[in-house]
1. Return yes or no: is LEU72 at pLDDT 95 or above and surrounded by 11 or more Cβ atoms within 10 Å (Cβ to Cβ)?
2. What number of residues in region 1-51 are among the aromatic types (Phe, Trp, Tyr) and either on the phi > 0 side of the Ramachandran plot or at pLDDT below 90 (or both)?
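The values are calculated or read from the model by the stated rules, or taken from the named source; none is laboratory data. What you see is a predicted model; the values in this text were computed from it and never measured. All Cβ positions, even for glycine, are placed from backbone atoms using ideal geometry, and neighbour counts span all protein chains on display.
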Amino acid sequence: MNDDQYIRIFTGTEIDAGRLKEKLENLDITPIIKNEGESGRLAGFAPPVFNQVRVYVHKDEHSKAIPVLEELEKEINDND
């Protein structure tokens with residue numbers, strides 16, 4: 001992943017990141033999911049923050065992804 005071409009739009013649980021990923025893919029947006037905790041676990045290291053997953057989208061898709069993110073955040077907050 002070329003970091004200057006992608007923007008992080010979400011950091012949260014793996015479950016919420018999966019929900020966001022599905023919603024984005026339904027709009028033909030291809031997100032990138034980074035789970036450093038899982039990568040560290042597989043490499044034998046403890047994750048810096050447990051269960052934190054980051055979701056990135058390409059800069060060209062950012063404006064299209066924001067309404068999806070806002071919808072998910074509203075759903076998360078309504079469930080609290």
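1. No; evaluated as a whole, the condition is false for this residue.
2. Total meeting the criteria: 2.
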